[in-house]
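Peer 1: What follows is a single structure, and I will ask about it in a moment.
The values are calculated or read from the model by the stated rules, or taken from the named source; none is laboratory data. None of the values given here were measured: they were computed from a predicted structure. A quick note on method: Cβ atoms are made from the backbone with ideal geometry, for glycine too, and the neighbour counts reach across all protein chains shown.
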Amino acid sequence: MSTLIKASGVTKQFGSKLALDNVSFEINKGPPVALVGPNGAGKTTLFSLMCGYTFPSSGVLMLMGQRPGNAHLFGKLTALPQDAQLDPRFSIIHQLTFYGQLQGLSKLRAKKESARVLELVGLGDAANQRPKDLSHGMRKRVTISQALIGKPQIVMLDEATAGLDPVHAREVRELISALSNEATFILSSHDLSELERLCGQVLHLDNGKLTEHSALSQSTNNQGFVTLRLSQQYDDAEKVFSSLPSVRHVHKSQAKEYVIEYVKSDEAFDIQLLQCCHLQGWHYQQLINGHTLENQIFHKG
Amino acid sequence: MQLNTKRLVNIALFELVRLFLTKTGLLAVAVFSICWLLVLRYGIAEAVNLLSSPDFSQFIDYIFGAAGLSKLLTWPEAELAIYWLIAVYSFPIFCLFLCTDQTVGDRQRGTLRFLSLRATRLEIILGRFVGQVLILITLLLITLLATLAMLAYREPSLFFPGLLHSFLLLGYLVVAVMPFIALMSFINTFARSARLAFVVAILFFAGGNIIIGLLAWQMPVLEVLNYIFPGYQLADLAAQDAGLMLSIGLPLIQTMLLLIFAERVFARSSL
């Protein structure tokens, strides 16, 4: 598996504030990678470093063997930077065509490519409009479309679905999912369930420090986890689940939600658990095989 | 240092489009055209009448002589002489207005972030600079052609000599405005808005002149510092008294140094 991005001991300081603290990670070509963390954790700083918008105070960051900002990355790495806007005075197609030309396409091809990416985000009809004439959500989709021009190998989207209505957010997620065979997406979002659906590798930043997770929980050979979300609060649920023969530990992760650790056996544990709920007359909302990303990050106990 | 000519040309041409295909750009061109129409009609045309009037010839000789501009009176193309006098001072100042927003607006809006993933910072700085130079060449050409038209209307036989002379003047004027554009390129790398960029430029000229004046008063040798100011040669250039080094060499060196500073600052700044 080829390494696309490699960070070694990357530190970024803004005056006395440490935005990134000795961050090291590798991103390989493959399924989308999530970058999560609370506000001010350093996500946008890490994005900015990878895009070459700003520079690390120390450490080394390499993208496809090149330093960020190197001309060899043009067209191979694209991004949706947070809050960045197109020029409000020019039509969208004009600006996207310009970007396509800078990526090495002829004017004609750049124009066709611009029309194609606008179609991808459902804005084919808005090509000749200016960004200032569009709604916030449409502007966001236009800025996503510029990141899809050409054949990028890495696409970084910072808060791509923030500010989009649920329908368009879903369309963007589907688009990312559909294109994830062609490019490696790096996504930052506060919507953990969205990232869970899309991503394999998860980089979690908190106070500038990085930890790595898998969107799928880790099960070992002889123990497993399930996360059960009940439809309402049942007082003795924890006790009942604990009494099941293969259950090792039950943890109430949040209201109506339980993380159940069990010993693997020949019998399917999830069937046992659902039968137990049925016998108790309890309704469940969701059964997840493993830990949710949210629980991995915020409820480590 | 990575520089791709094709990308640079694309960026420069996009600047031209900014002026001629956007409403604000067209508005600027319209205001510019109206101002120059007034200059041509009430400035140049009237001045030419005065210059060619025998009643005022002695007075004009005295005034131009006192101002060191006697050489201009020898030009048969009087329209071009007056045009030159107005253009050589007004275009550099106009440049400061026109070039206030080379990169600063795009940086504030985040548009530079899209651009910097497709072009090096050197290409962006140089591309924008070249784009502004192209805009100024276009505007200079428009005004020169209008002046030539007036000249041909008054004296058709002067059209072809005037045309050749115009190309020479165009060359001098383009070189004269280049350091002003480069200065704005440099200021744009650290200013936080186009308005602030203009204020910084004014402070640079006003404050800088005062400071160097005071320093030179204490140590006359420091008068040499005046060479850092774009336009230092304009008075000599206007009077056609500047040698090649002063009229061409100095502004080109200033331009080059300012662009190097601009690239260095821009390459190190966060977008």
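Peer 1: Hey, among B:Phe204, B:Phe190, which residue is in a helix (DSSP H, G or I) and aromatic (Phe, Trp, Tyr)?
Peer 2: Details: B:Phe190 fails: in a helix (DSSP H, G or I).
The unique qualifying residue is B:Phe204.
To keep it simple, each residue is scored yes or no on (1) surrounded by 22 or more Cβ atoms within 10 Å (Cβ to Cβ); (2) touching a Ser or Thr at 6+ places or on another chain (Cβ under 9 Å).
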residue: A:Asn28; (1), (2): no, yes
residue: A:Gly42; (1), (2): yes, no
residue: A:Cys51; (1), (2): yes, yes
residue: A:Val60; (1), (2): no, yes
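Peer 1: List the number of the failed condition for A:Leu274; all other conditions in (1) of a type in the set (A, V, I, L, M); (2) over 28 Å from A:Ile27 (Cβ atoms); (3) modelled with pLDDT under 90; (4) not in a strand (DSSP E or B) hold.
Peer 2: A:Leu274 satisfies every listed condition except (3).
Peer 1: Name every residue in segment A:62-73 that is surrounded by 22 or more Cβ atoms within 10 Å (Cβ to Cβ) and closer than 30 Å to B:Leu21 by Cα, in order of residue number.
Peer 2: none
Peer 1: Here's something else I'd like to know. Filter segment A:74-90 down to the residues that are in contact with a Cys (Cβ under 8 Å, 6 or more places away or on another chain) and more than 23 Å from B:Asp101 (Cβ to Cβ), then identify the one that is surrounded by the most Cβ atoms within 10 Å (Cβ to Cβ).
Peer 2: Of segment A:74-90, the ones in contact with a Cys (Cβ under 8 Å, 6 or more places away or on another chain) are A:77, A:79, A:81.
Checking the rest, the ones that are also more than 23 Å from B:Asp101 (Cβ to Cβ) come to A:77, A:79.
Details: A:Leu77: 29, A:Ala79: 26.
The qualifying residue surrounded by the most Cβ atoms within 10 Å (Cβ to Cβ) is A:Leu77.
Peer 1: Which of the residues spanning segment B:73-128 are within 10 Å of chain A (Cβ to nearest Cβ), of a type in the set (S, T, N, Q) and assigned to a helix (DSSP H, G or I)?
Peer 2: Hits for segment B:73-128 are B:Gln108, B:Thr111.
Peer 1: As an exercise: evaluate B:Leu257 against (1) in a helix (DSSP H, G or I); (2) in contact with a Phe, Trp or Tyr (Cβ under 7 Å, 6 or more places away or on another chain); (3) of a type in the set (A, V, I, L, M, F, W, C) and give the number of the one condition it does not meet.
Peer 2: Tallying (1) in a helix (DSSP H, G or I); (2) in contact with a Phe, Trp or Tyr (Cβ under 7 Å, 6 or more places away or on another chain); (3) of a type in the set (A, V, I, L, M, F, W, C), B:Leu257 fails exactly one: (2).
Peer 1: Looking at this structure, is A:Ser2 at pLDDT 90 or above and hydroxyl-bearing (Ser, Thr, Tyr)?
Peer 2: Working: at pLDDT 90 or above: no; hydroxyl-bearing (Ser, Thr, Tyr): yes.
Taking the combined requirement at face value, the residue does not satisfy it.
Peer 1: Let me ask another. Of (1) exposed (fewer than 13 other Cβ atoms within 10 Å of the Cβ); (2) assigned to a helix (DSSP H, G or I), B:Leu40 satisfies all except one. Which?
Peer 2: Evaluating B:Leu40 over (1) exposed (fewer than 13 other Cβ atoms within 10 Å of the Cβ); (2) assigned to a helix (DSSP H, G or I) leaves (1) as the failure.
Peer 1: Scanning for something exposed (fewer than 14 other Cβ atoms within 10 Å of the Cβ), out of contact with any Leu (no Cβ under 9 Å at 6 or more places or on another chain) and not in a helix (DSSP H, G or I), does segment B:260-268 turn up at least one residue?
Peer 2: Looking through segment B:260-268, none of the residues is exposed (fewer than 14 other Cβ atoms within 10 Å of the Cβ), out of contact with any Leu (no Cβ under 9 Å at 6 or more places or on another chain) and not in a helix (DSSP H, G or I).
Peer 1: Mind listing whichever residues of segment B:2-16 are exposed (fewer than 15 other Cβ atoms within 10 Å of the Cβ) and either free of Cβ contacts under 8 Å to residues at least 12 places away in the same chain or under 10 Å from B:Gly131 (Cβ atoms) (or both)?
Peer 2: Filtering segment B:2-16 down to residues exposed (fewer than 15 other Cβ atoms within 10 Å of the Cβ) leaves B:2-3, B:5-6.
Once the filter is applied, which keeps residues that are exposed (fewer than 15 other Cβ atoms within 10 Å of the Cβ) and either free of Cβ contacts under 8 Å to residues at least 12 places away in the same chain or under 10 Å from B:Gly131 (Cβ atoms) (or both), segment B:2-16 yields B:Thr5, B:Lys6.
Peer 1: Now, a different point. Among the residues of segment B:181-189, is any closer than 30 Å to B:Leu112 by Cα and touching a Pro at 6+ places or on another chain (Cβ under 8 Å)?
Peer 2: Pass one, segment B:181-189, residues closer than 30 Å to B:Leu112 by Cα: B:181-189.
Add one more test, that the residue is touching a Pro at 6+ places or on another chain (Cβ under 8 Å), and what stays is B:182-183.
Checking segment B:181-189: at least one residue is closer than 30 Å to B:Leu112 by Cα and touching a Pro at 6+ places or on another chain (Cβ under 8 Å).
Peer 1: Provide a single number: the residues in segment A:278-299 that are buried (at least 16 other Cβ atoms within 10 Å of the Cβ) and either in contact with a Pro (Cβ under 6 Å, 6 or more places away or on another chain) or small (Gly, Ala, Ser) (or both).
Peer 2: Total satisfying the criteria: 1.
Peer 1: Here's something else I'd like to know. Based on what the data block shows, is A:Pro152 modelled with pLDDT of 90 or more and not aliphatic (A, V, I, L, M)?
Peer 2: Here the answer is yes, as A:Pro152 does meet what is asked.
Rundown of residues vs (1) under 27 Å from A:Lys107 (Cβ atoms); (2) modelled with pLDDT under 80; (3) within 14 Å of another protein chain (Cβ to nearest Cβ), yes/no style:
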site: B:Asn10; (1), (2), (3): yes, no, yes
site: B:Leu16; (1), (2), (3): yes, no, yes
site: B:Leu37; (1), (2), (3): no, no, no
site: B:Ala47; (1), (2), (3): no, yes, no
site: B:Phe56; (1), (2), (3): no, yes, no
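Peer 1: Pairs please, first residue from segment A:191-210 and more than 18 Å from A:Met50 (Cβ to Cβ) and at pLDDT 85 or above, second anywhere and assigned to a loop (DSSP other than H, G, I, E, B) and charged (D, E, K, R), Cβ atoms under 6 Å, 6+ apart in sequence or on different chains.
Peer 2: none
Peer 1: When you go through B:Phe32, B:Phe20, B:Phe64 one by one, which is the residue that is under 16 Å from B:Thr138 (Cα atoms), away from every other protein chain (no Cβ under 14 Å) and not β-branched (Val, Ile, Thr)? Walk me through it before giving the result.
Peer 2: Values: B:Phe20 fails: away from every other protein chain (no Cβ under 14 Å); B:Phe64 fails: under 16 Å from B:Thr138 (Cα atoms).
After applying the criteria, what remains is B:Phe32.
Peer 1: Just one of (1) surrounded by 15 or more Cβ atoms within 10 Å (Cβ to Cβ); (2) within 14 Å of chain A (Cβ to nearest Cβ); (3) over 20 Å from the mean Cα position of the chain (by Cα) trips up B:Gly25, so point out which.
Peer 2: It is condition (3) that B:Gly25 fails.
Peer 1: Could you check A:Ser114 against (1) farther than 24 Å from A:Glu159 by Cβ; (2) among the small types (Gly, Ala, Ser); (3) modelled with pLDDT of 95 or more and say which number it fails?
Peer 2: (1)
Peer 1: Quick test of your reading of the structure: B:Gly231 fulfils all but one of (1) surrounded by 14 or more Cβ atoms within 10 Å (Cβ to Cβ); (2) touching a residue at least 24 places away in the same chain (Cβ under 8 Å); (3) in a helix (DSSP H, G or I). Name the failing condition by number.
Peer 2: Every listed condition holds for B:Gly231 apart from (3).
Peer 1: Sticking with this one: Out of curiosity, is A:Thr78 more than 7 Å from every other protein chain (Cβ to nearest Cβ) and farther than 24 Å from A:Asn22 by Cβ? Give the derivation first.
Peer 2: Working: more than 7 Å from every other protein chain (Cβ to nearest Cβ): no; farther than 24 Å from A:Asn22 by Cβ: yes.
No; evaluated as a whole, the condition is false for this residue.
Peer 1: Looking only at segment B:192-228, count how many residues are surrounded by 14 or more Cβ atoms within 10 Å (Cβ to Cβ) and small (Gly, Ala, Ser).
Peer 2: 6
Peer 1: Moving on to the next point. Determine whether B:Pro156 is out of contact with any Cys (no Cβ under 7 Å at 6 or more places or on another chain) and without any contact (Cβ under 8 Å) to a residue 12 or more places away in the chain. Spell out the reasoning first.
Peer 2: Numbers: out of contact with any Cys (no Cβ under 7 Å at 6 or more places or on another chain): yes; without any contact (Cβ under 8 Å) to a residue 12 or more places away in the chain: yes.
Answer is yes for this residue.
Okay, residues lined up against (1) in contact (Cβ under 8 Å) with a residue 40 or more places away in the chain; (2) not aliphatic (A, V, I, L, M):
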{"site": "B:Gly65", "(1), (2)": "no, yes"}
{"site": "B:Gly68", "(1), (2)": "yes, yes"}
{"site": "B:Lys71", "(1), (2)": "yes, yes"}
{"site": "B:Leu85", "(1), (2)": "yes, no"}
{"site": "B:Pro92", "(1), (2)": "yes, yes"}
{"site": "B:Leu96", "(1), (2)": "yes, no"}
{"site": "B:Arg109", "(1), (2)": "no, yes"}
